[in-house]
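Enquirer: First, the structure itself, so that you have it in front of you.
The values are calculated or read from the model by the stated rules, or taken from the named source; none is laboratory data. Just so it is clear, the model here is predicted, and its values are computed rather than measured. Cβ: placed from backbone, ideal geometry, glycine included. Neighbour counts: every protein chain shown. We work out accessible area using only protein heavy atoms, side chains counted, and drop any ligands, DNA or RNA first. Shrake-Rupley method; radii C 1.70, N 1.55, O 1.52, S 1.80 Å.
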Amino acid sequence: MPQIERPRRSALYLPASNAKALAKARTLPADVIILDLEDAVAPGSKIEARRAAVAATQEGGFGTREVAIRANGIDTPWGMDDLVAIASSGAAAVLVPKVSCVDDIARYEEVLEQAPAEMQLWAMIETCACIPHLHEIAAMARTSRLSLFVMGVNDLAKEMRAKLTPERTPFLPFLSMTVAAARAHGITVLDGVCNEFRDAGVFRQEAEQGLLFGFDGKTLIHPDQIAVCNEVFSPSVEEIEWARAVIDAFALPENSGKGAIRVNGKMVELLHQEQARRLLTFAELTSPSDI
Ligand code: COA
Ligand code: MG
(Lines give C-alpha, C1' and ligand atoms only; values in the text may rest on other atoms or scores of the structure.)
(Ligands and ions follow the chains in the order given, each with its own letter.)
Protein backbone atom coordinates (compact mmCIF):
# COMPACT_ATOMS: atom_id res chain seq x y z
CA MET A 1 0.00 0.00 0.00
CA PRO A 2 1.34 3.49 -0.84
CA GLN A 3 2.76 5.39 2.13
CA ILE A 4 1.09 8.71 2.89
CA GLU A 5 4.05 10.95 3.60
CA ARG A 6 2.08 13.85 5.02
CA PRO A 7 -1.20 15.66 4.41
CA ARG A 8 -1.09 18.41 1.80
CA ARG A 9 -4.76 19.34 1.78
CA SER A 10 -4.22 23.08 1.76
CA ALA A 11 -1.26 24.95 0.25
CA LEU A 12 -1.40 28.71 0.75
CA TYR A 13 0.49 31.01 -1.58
CA LEU A 14 1.60 34.41 -0.44
CA PRO A 15 3.77 37.03 -2.08
CA ALA A 16 7.08 36.81 -0.23
CA SER A 17 7.29 40.60 -0.53
CA ASN A 18 4.26 40.94 1.80
CA ALA A 19 5.71 41.06 5.34
CA LYS A 20 2.28 41.05 6.99
CA ALA A 21 1.19 37.92 5.13
CA LEU A 22 4.52 36.25 5.94
CA ALA A 23 3.99 36.82 9.64
CA LYS A 24 0.37 35.70 9.47
CA ALA A 25 1.22 32.49 7.58
CA ARG A 26 2.98 31.13 10.69
CA THR A 27 -0.37 31.16 12.52
CA LEU A 28 -2.64 29.75 9.79
CA PRO A 29 -3.77 26.10 9.65
CA ALA A 30 -2.54 25.41 6.10
CA ASP A 31 -0.58 22.18 5.58
CA VAL A 32 1.78 23.90 3.14
CA ILE A 33 2.94 27.50 2.81
CA ILE A 34 4.24 28.61 -0.61
CA LEU A 35 6.33 31.77 -0.48
CA ASP A 36 5.95 33.19 -3.96
CA LEU A 37 8.68 35.03 -5.84
CA GLU A 38 6.98 34.67 -9.22
CA ASP A 39 3.50 35.70 -10.42
CA ALA A 40 2.45 37.48 -7.21
CA VAL A 41 5.56 39.66 -7.06
CA ALA A 42 6.07 42.71 -9.31
CA PRO A 43 9.45 43.03 -11.10
CA GLY A 44 10.52 45.92 -8.85
CA SER A 45 10.08 43.78 -5.72
CA LYS A 46 11.70 40.53 -6.91
CA ILE A 47 15.02 40.95 -5.12
CA GLU A 48 13.44 42.05 -1.86
CA ALA A 49 10.95 39.15 -2.06
CA ARG A 50 13.80 36.65 -2.51
CA ARG A 51 15.63 38.07 0.49
CA ALA A 52 12.46 38.02 2.62
CA ALA A 53 11.57 34.44 1.63
CA VAL A 54 15.01 33.10 2.48
CA ALA A 55 15.14 35.06 5.76
CA ALA A 56 11.68 33.83 6.80
CA THR A 57 12.52 30.22 5.97
CA GLN A 58 15.78 30.37 7.89
CA GLU A 59 14.08 32.08 10.83
CA GLY A 60 11.43 29.33 10.93
CA GLY A 61 8.39 29.47 13.19
CA PHE A 62 6.20 27.58 10.70
CA GLY A 63 5.64 24.60 13.01
CA THR A 64 4.65 21.46 11.15
CA ARG A 65 3.72 23.41 8.02
CA GLU A 66 5.78 22.46 4.99
CA VAL A 67 7.43 25.53 3.47
CA ALA A 68 8.04 25.78 -0.25
CA ILE A 69 9.41 28.73 -2.22
CA ARG A 70 8.21 29.36 -5.77
CA ALA A 71 11.10 30.56 -7.94
CA ASN A 72 10.95 32.62 -11.08
CA GLY A 73 11.52 30.62 -14.26
CA ILE A 74 15.12 29.66 -14.96
CA ASP A 75 15.21 31.79 -18.12
CA THR A 76 13.97 34.98 -16.46
CA PRO A 77 16.39 37.61 -15.12
CA TRP A 78 15.77 36.35 -11.54
CA GLY A 79 15.49 32.58 -11.95
CA MET A 80 19.09 31.48 -11.44
CA ASP A 81 19.65 33.72 -8.41
CA ASP A 82 16.35 32.52 -6.93
CA LEU A 83 17.38 28.88 -7.29
CA VAL A 84 20.80 29.44 -5.76
CA ALA A 85 19.27 31.31 -2.80
CA ILE A 86 16.50 28.74 -2.28
CA ALA A 87 18.99 25.85 -2.42
CA SER A 88 20.54 27.01 0.86
CA SER A 89 17.36 28.39 2.47
CA GLY A 90 16.27 25.25 4.30
CA ALA A 91 12.90 25.23 2.50
CA ALA A 92 11.32 21.79 2.10
CA ALA A 93 10.75 22.36 -1.60
CA VAL A 94 11.36 24.65 -4.53
CA LEU A 95 8.34 25.08 -6.76
CA VAL A 96 9.25 25.88 -10.35
CA PRO A 97 6.92 27.51 -12.87
CA LYS A 98 5.95 26.77 -16.47
CA VAL A 99 7.58 23.35 -16.77
CA SER A 100 7.00 22.17 -20.34
CA CYS A 101 9.18 19.14 -20.93
CA VAL A 102 11.56 16.64 -19.39
CA ASP A 103 14.54 18.87 -20.20
CA ASP A 104 13.12 21.63 -17.99
CA ILE A 105 13.13 19.28 -15.00
CA ALA A 106 16.66 18.16 -15.88
CA ARG A 107 17.87 21.78 -15.95
CA TYR A 108 16.35 22.57 -12.55
CA GLU A 109 17.77 19.35 -11.18
CA GLU A 110 21.24 20.34 -12.33
CA VAL A 111 21.08 23.82 -10.80
CA LEU A 112 19.92 22.30 -7.50
CA GLU A 113 22.84 19.90 -7.39
CA GLN A 114 24.30 21.54 -4.27
CA ALA A 115 20.96 21.72 -2.41
CA PRO A 116 20.41 19.36 0.54
CA ALA A 117 19.35 15.89 -0.58
CA GLU A 118 15.98 16.23 1.14
CA MET A 119 14.99 19.39 -0.77
CA GLN A 120 12.17 18.49 -3.15
CA LEU A 121 11.43 19.84 -6.61
CA TRP A 122 7.78 20.68 -7.23
CA ALA A 123 6.57 21.58 -10.72
CA MET A 124 3.79 23.87 -11.93
CA ILE A 125 1.61 22.31 -14.62
CA GLU A 126 0.43 25.42 -16.41
CA THR A 127 1.57 25.45 -20.02
CA CYS A 128 -0.14 24.08 -23.10
CA ALA A 129 3.20 22.61 -24.18
CA CYS A 130 3.46 20.29 -21.14
CA ILE A 131 0.12 18.55 -21.70
CA PRO A 132 1.34 15.90 -24.19
CA HIS A 133 4.43 15.26 -22.02
CA LEU A 134 2.79 14.84 -18.62
CA HIS A 135 3.74 11.17 -18.23
CA GLU A 136 7.38 11.67 -19.24
CA ILE A 137 7.66 14.65 -16.92
CA ALA A 138 6.08 12.73 -14.02
CA ALA A 139 8.41 9.80 -14.72
CA MET A 140 11.32 12.12 -13.83
CA ALA A 141 10.32 11.50 -10.19
CA ARG A 142 12.30 8.25 -10.41
CA THR A 143 15.59 9.95 -11.23
CA SER A 144 15.29 13.46 -9.76
CA ARG A 145 13.99 15.48 -6.78
CA LEU A 146 10.60 15.85 -8.48
CA SER A 147 7.85 14.81 -6.06
CA LEU A 148 4.79 16.99 -6.64
CA PHE A 149 2.72 18.69 -9.34
CA VAL A 150 0.73 21.90 -8.84
CA MET A 151 -1.95 22.86 -11.36
CA GLY A 152 -1.60 26.45 -12.53
CA VAL A 153 -5.01 27.23 -13.92
CA ASN A 154 -4.57 30.99 -14.33
CA ASP A 155 -1.60 30.61 -16.68
CA LEU A 156 -3.24 27.71 -18.50
CA ALA A 157 -6.35 29.86 -19.09
CA LYS A 158 -4.19 32.72 -20.34
CA GLU A 159 -2.25 30.52 -22.77
CA MET A 160 -5.32 28.70 -24.04
CA ARG A 161 -7.36 31.91 -24.17
CA ALA A 162 -10.04 29.89 -22.40
CA LYS A 163 -12.45 31.26 -19.80
CA LEU A 164 -11.81 30.29 -16.19
CA THR A 165 -15.34 29.88 -14.84
CA PRO A 166 -16.21 28.15 -11.54
CA GLU A 167 -17.14 24.98 -13.49
CA ARG A 168 -13.71 24.96 -15.18
CA THR A 169 -15.15 23.09 -18.19
CA PRO A 170 -12.27 23.83 -20.64
CA PHE A 171 -9.72 22.51 -18.13
CA LEU A 172 -11.37 19.30 -16.97
CA PRO A 173 -9.44 16.99 -19.35
CA PHE A 174 -6.15 18.49 -18.18
CA LEU A 175 -7.07 18.10 -14.52
CA SER A 176 -7.71 14.38 -15.11
CA MET A 177 -4.59 13.92 -17.22
CA THR A 178 -2.40 15.61 -14.62
CA VAL A 179 -3.81 13.49 -11.78
CA ALA A 180 -3.37 10.30 -13.83
CA ALA A 181 0.25 11.14 -14.71
CA ALA A 182 1.03 11.96 -11.08
CA ARG A 183 -0.56 8.74 -9.83
CA ALA A 184 1.21 6.62 -12.45
CA HIS A 185 4.54 7.80 -11.06
CA GLY A 186 3.65 8.05 -7.37
CA ILE A 187 3.79 11.79 -6.98
CA THR A 188 1.51 14.16 -5.09
CA VAL A 189 -0.80 16.45 -7.06
CA LEU A 190 -2.41 19.72 -5.94
CA ASP A 191 -5.27 21.52 -7.65
CA GLY A 192 -5.05 25.13 -8.86
CA VAL A 193 -6.29 28.25 -7.09
CA CYS A 194 -9.80 29.68 -6.94
CA ASN A 195 -9.49 33.43 -7.50
CA GLU A 196 -12.91 34.17 -5.99
CA PHE A 197 -11.74 34.29 -2.40
CA ARG A 198 -14.72 36.34 -1.17
CA ASP A 199 -17.24 33.68 -2.27
CA ALA A 200 -17.06 30.68 0.08
CA GLY A 201 -19.76 28.82 -1.89
CA VAL A 202 -17.85 28.99 -5.16
CA PHE A 203 -14.66 27.97 -3.37
CA ARG A 204 -16.25 24.93 -1.72
CA GLN A 205 -17.71 23.76 -5.01
CA GLU A 206 -14.34 24.04 -6.71
CA ALA A 207 -12.51 22.28 -3.86
CA GLU A 208 -15.08 19.45 -4.00
CA GLN A 209 -14.52 19.20 -7.75
CA GLY A 210 -10.78 18.87 -7.11
CA LEU A 211 -11.41 16.10 -4.58
CA LEU A 212 -13.69 14.34 -7.05
CA PHE A 213 -10.92 14.44 -9.65
CA GLY A 214 -8.47 12.82 -7.24
CA PHE A 215 -6.27 15.73 -6.19
CA ASP A 216 -4.49 15.42 -2.83
CA GLY A 217 -5.23 19.04 -1.97
CA LYS A 218 -5.67 22.50 -3.38
CA THR A 219 -3.55 25.61 -3.68
CA LEU A 220 -5.04 28.71 -2.04
CA ILE A 221 -4.62 32.46 -2.20
CA HIS A 222 -6.37 33.67 0.95
CA PRO A 223 -6.57 32.60 4.62
CA ASP A 224 -10.40 32.42 4.40
CA GLN A 225 -10.07 29.42 2.04
CA ILE A 226 -8.04 27.22 4.41
CA ALA A 227 -10.70 25.81 6.78
CA VAL A 228 -13.07 24.73 3.99
CA CYS A 229 -10.19 23.26 2.02
CA ASN A 230 -8.95 21.19 4.98
CA GLU A 231 -12.50 19.99 5.59
CA VAL A 232 -13.11 19.00 1.96
CA PHE A 233 -9.81 17.11 1.64
CA SER A 234 -10.14 15.30 5.01
CA PRO A 235 -12.08 12.04 5.23
CA SER A 236 -15.67 12.59 6.38
CA VAL A 237 -17.25 10.75 9.33
CA GLU A 238 -19.25 8.66 6.84
CA GLU A 239 -16.11 7.70 4.92
CA ILE A 240 -14.34 6.69 8.12
CA GLU A 241 -17.36 4.57 9.14
CA TRP A 242 -17.38 2.95 5.68
CA ALA A 243 -13.65 2.20 5.90
CA ARG A 244 -14.03 0.60 9.34
CA ALA A 245 -17.01 -1.45 8.12
CA VAL A 246 -15.01 -2.73 5.12
CA ILE A 247 -12.04 -3.73 7.25
CA ASP A 248 -14.25 -5.36 9.89
CA ALA A 249 -16.19 -7.25 7.21
CA PHE A 250 -13.06 -8.70 5.59
CA ALA A 251 -11.86 -9.76 9.05
CA LEU A 252 -14.95 -11.96 9.63
CA PRO A 253 -14.16 -15.71 9.47
CA GLU A 254 -16.92 -16.30 6.89
CA ASN A 255 -15.27 -13.78 4.53
CA SER A 256 -11.78 -15.17 4.85
CA GLY A 257 -10.24 -15.91 1.43
CA LYS A 258 -12.98 -14.02 -0.43
CA GLY A 259 -12.22 -11.37 -3.03
CA ALA A 260 -15.68 -9.78 -3.17
CA ILE A 261 -18.18 -9.43 -0.32
CA ARG A 262 -21.26 -7.41 0.60
CA VAL A 263 -20.98 -4.43 2.98
CA ASN A 264 -24.04 -2.29 3.78
CA GLY A 265 -25.81 -3.64 0.70
CA LYS A 266 -22.99 -2.89 -1.75
CA MET A 267 -20.28 -4.97 -3.37
CA VAL A 268 -16.85 -4.48 -1.90
CA GLU A 269 -13.65 -6.02 -3.27
CA LEU A 270 -10.17 -6.44 -1.86
CA LEU A 271 -9.13 -3.23 -3.64
CA HIS A 272 -11.67 -1.41 -1.46
CA GLN A 273 -9.99 -2.86 1.61
CA GLU A 274 -6.76 -1.19 0.43
CA GLN A 275 -8.63 2.08 -0.11
CA ALA A 276 -10.16 1.77 3.35
CA ARG A 277 -6.78 1.25 5.00
CA ARG A 278 -5.35 4.25 3.17
CA LEU A 279 -8.31 6.39 4.21
CA LEU A 280 -7.92 5.44 7.89
CA THR A 281 -4.18 6.16 7.81
CA PHE A 282 -4.91 9.56 6.27
CA ALA A 283 -7.67 10.23 8.83
CA GLU A 284 -5.20 9.65 11.65
CA LEU A 285 -2.74 12.11 10.08
CA THR A 286 -5.39 14.79 9.68
CA SER A 287 -7.11 14.71 13.07
CA PRO A 288 -8.02 18.28 14.17
CA SER A 289 -5.00 18.72 16.48
CA ASP A 290 -2.62 18.33 13.56
CA ILE A 291 -1.13 21.83 13.47
N1 COA B 1 -1.30 34.58 3.10
C2 COA B 1 -1.22 35.05 4.36
N3 COA B 1 -1.95 36.10 4.81
C4 COA B 1 -2.77 36.68 3.91
C5 COA B 1 -2.89 36.23 2.59
C6 COA B 1 -2.12 35.14 2.18
N7 COA B 1 -2.18 34.66 0.93
N8 COA B 1 -3.80 36.99 1.95
C9 COA B 1 -4.24 37.89 2.85
N10 COA B 1 -3.61 37.71 4.03
C11 COA B 1 -3.81 38.44 5.28
C12 COA B 1 -3.71 39.95 5.10
O13 COA B 1 -2.36 40.34 5.27
C14 COA B 1 -4.61 40.44 6.19
O15 COA B 1 -3.91 40.33 7.41
P16 COA B 1 -4.33 41.16 8.73
O17 COA B 1 -5.64 40.61 9.17
O18 COA B 1 -3.21 40.90 9.67
O19 COA B 1 -4.43 42.59 8.26
C20 COA B 1 -5.72 39.41 6.23
O21 COA B 1 -5.15 38.22 5.69
C22 COA B 1 -6.94 39.78 5.43
O23 COA B 1 -6.57 40.06 4.10
P24 COA B 1 -7.61 40.74 3.10
O25 COA B 1 -7.72 42.21 3.40
O26 COA B 1 -8.86 39.96 3.12
O27 COA B 1 -6.92 40.53 1.69
P28 COA B 1 -6.28 41.61 0.75
O29 COA B 1 -7.38 42.33 0.02
O30 COA B 1 -5.29 42.43 1.51
O31 COA B 1 -5.44 40.74 -0.30
C32 COA B 1 -5.00 39.29 -2.09
C33 COA B 1 -6.08 39.95 -1.26
C34 COA B 1 -5.65 38.35 -3.08
C35 COA B 1 -4.19 40.35 -2.84
C36 COA B 1 -4.06 38.49 -1.13
O37 COA B 1 -4.89 37.60 -0.43
C38 COA B 1 -2.90 37.79 -1.78
O39 COA B 1 -1.88 38.40 -2.07
N40 COA B 1 -3.03 36.46 -1.99
C41 COA B 1 -1.94 35.64 -2.50
C42 COA B 1 -1.67 35.90 -3.97
C43 COA B 1 -0.64 34.96 -4.49
O44 COA B 1 0.31 34.60 -3.80
N45 COA B 1 -0.75 34.56 -5.78
C46 COA B 1 0.18 33.67 -6.38
C47 COA B 1 -0.41 32.35 -6.72
S48 COA B 1 -1.83 32.40 -7.73
MG1 MG C 1 1.77 31.02 -13.09
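Enquirer: Would any residue of segment 146-167 have its amide N under 19 Å from a label point 7 Å out along Cα→Cβ of residue 110? List them or say none.
Expert: 146
Enquirer: Over all distinct Cα pairs, what is the inverse of the mean 1/r for segment 1-65, reported as the Kirkwood hydrodynamic radius in Å? It would help to have the intermediate numbers written out before the result.
Expert: Values: mean 1/r = 0.0797 Å⁻¹.
It is 12.5 Å.
Enquirer: Given the options 124, 79, 42, identify the residue whose Cα lies farthest towards the positive end of the charge dipole of segment 10-232 (+1 on Cβ of Lys, Arg; -1 on Cβ of Asp, Glu).
Expert: 42
Enquirer: For the chain, return all DSSP H helices satisfying: extent of Cα atoms along own axis at least 30 Å; mean Kyte-Doolittle hydropathy at least 0.0. Kindly include the intermediate steps, with their values, before the conclusion.
Expert: Details: long enough: none.
Within the chain not a single helix satisfies the rule.
Enquirer: I'd like to know which of 259, 215, 280 lies farthest towards the positive end of the charge dipole of the chain, counting +1 on Cβ of Lys and Arg and -1 on Cβ of Asp and Glu.
Expert: Toward the positive end, the furthest listed residue is 280.
Enquirer: Tell me the mean residue ellipticity at 222 nm calculated for the chain from its helices only (DSSP H runs of n ≥ 4, each -39500 (n - 2.57), averaged over every residue, nearest 500). If you can, show how the numbers build up before the last one.
Expert: Working: 11 runs with 119 residues, N = 291.
Calculated at 222 nm, the ellipticity per residue is -12500 deg cm²/dmol.
Enquirer: Rounded to whole Å and ordered largest first, report the semi-axes of the equivalent ellipsoid of segment 77-140 derived from its Cα gyration tensor (root of 5λ).
Expert: Details: eigenvalues 91, 30, 18 Å².
Semi-axes (√(5λ), whole Å): 21, 12, 10.
Enquirer: Find out how many positive minus negative residues lie around residue 95, taking Lys and Arg as positive, Asp and Glu as negative, among other residues whose Cβ is under 10 Å from that of residue 95. Don't skip to the end; give the middle numbers.
Expert: Working: positive: 70; negative: 36, 38.
Computed value for this residue: -1.
Enquirer: For the chain, just the Cα set please: Rg and Dmax, both in angstrom.
Expert: Rg and Dmax of the chain, Cα atoms, are 19.8, 70 Å.
Enquirer: May I ask for the distance between the Cα centers of segment 1-48 and segment 225-291, given as a whole number of Å?
Expert: After rounding, the separation between the Cα centres reads 31 Å.
Enquirer: Further, regarding this structure: If we count every other residue with Cβ under 14 angstrom of residue 269's Cβ, Lys/Arg +1 and Asp/Glu -1, where does the sum land?
Expert: Working: positive: 258, 262, 266, 277; negative: 274.
Summing Lys and Arg as +1 and Asp and Glu as -1 gives +3.
Enquirer: Separate question: How would you order 157-164, 118-125 from highest to lowest mean count of nearby Cβ atoms within 10 Å?
Expert: Working: 157-164: 13.8, 118-125: 21.5.
Descending packing order for the listed peptides: 118-125, 157-164.
Enquirer: Also, I was wondering about something else. How many lysine pairs in the chain, separated by 8 or more positions in sequence or lying on different chains, have Cα atoms less than 25 Å apart?
Expert: Here the count comes out as 12.
Enquirer: Among 242, 22, 105, which residue has its Cα furthest toward the positive end of the charge dipole of the chain, with +1 on Lys/Arg Cβ and -1 on Asp/Glu Cβ?
Expert: Result: 242, furthest along the dipole toward the positive end.
Enquirer: What is the magnitude of the charge dipole of the chain about its Cα centre, with +1 placed on the Cβ of each Lys and Arg, -1 on the Cβ of each Asp and Glu, and no other charges, expressed in debye to the nearest 20? Walk me through the numbers on the way to the answer.
Expert: Values: 29 positive and 39 negative charges, 49 e Å.
That gives the chain a dipole magnitude of about 240 debye.
Enquirer: Tell me, what is a quarter of the convex hull surface for the C-alpha atoms of segment 222-273, in nm² with one decimal? Let's see the in-between values first.
Expert: Numbers: hull surface 17.4 nm².
Over every viewing direction, the Cα hull of segment 222-273 projects on average to 4.4 nm².
Enquirer: I've got another one for you. With a 1.4 Å probe and every protein chain kept in, tell me what percent of the accessible surface of segment 237-290 is carbon plus sulfur. List each step's numbers first, then the result.
Expert: Details: 1960 of 3760 Å².
Answer for segment 237-290: carbon and sulfur cover 52 percent of the accessible area.
Enquirer: Under Stokes-Einstein, with the Kirkwood radius over Cα pairs standing in for Rh, what whole-number D in µm²/s applies to segment 1-136 at 37 °C and 0.692 mPa s?
Expert: Stokes-Einstein gives a translational diffusion coefficient of 215 µm²/s.
Enquirer: Then there's this: What whole-number value in Å² describes the accessible area per residue of segment 107-183 for a 1.4 Å probe? Before the final figure, lay out the partial values.
Expert: Details: 3620 Å² over 77 residues.
For segment 107-183, the per-residue accessible area is 47 Å².
Enquirer: Also, quick follow-up: Across bins of 5 angstrom width beginning at 0, how are the C-alpha pair distances of segment 91-242 distributed, in whole percent?
Expert: Here the calculated profile for segment 91-242 is 2, 9, 19, 20, 19, 15, 10, 5, 1, 0.
Enquirer: How are the Cα pair distances of segment 164-227 distributed, in percent, across 5 Å bins from 0?
Expert: 4, 19, 30, 24, 14, 8, 2, 0
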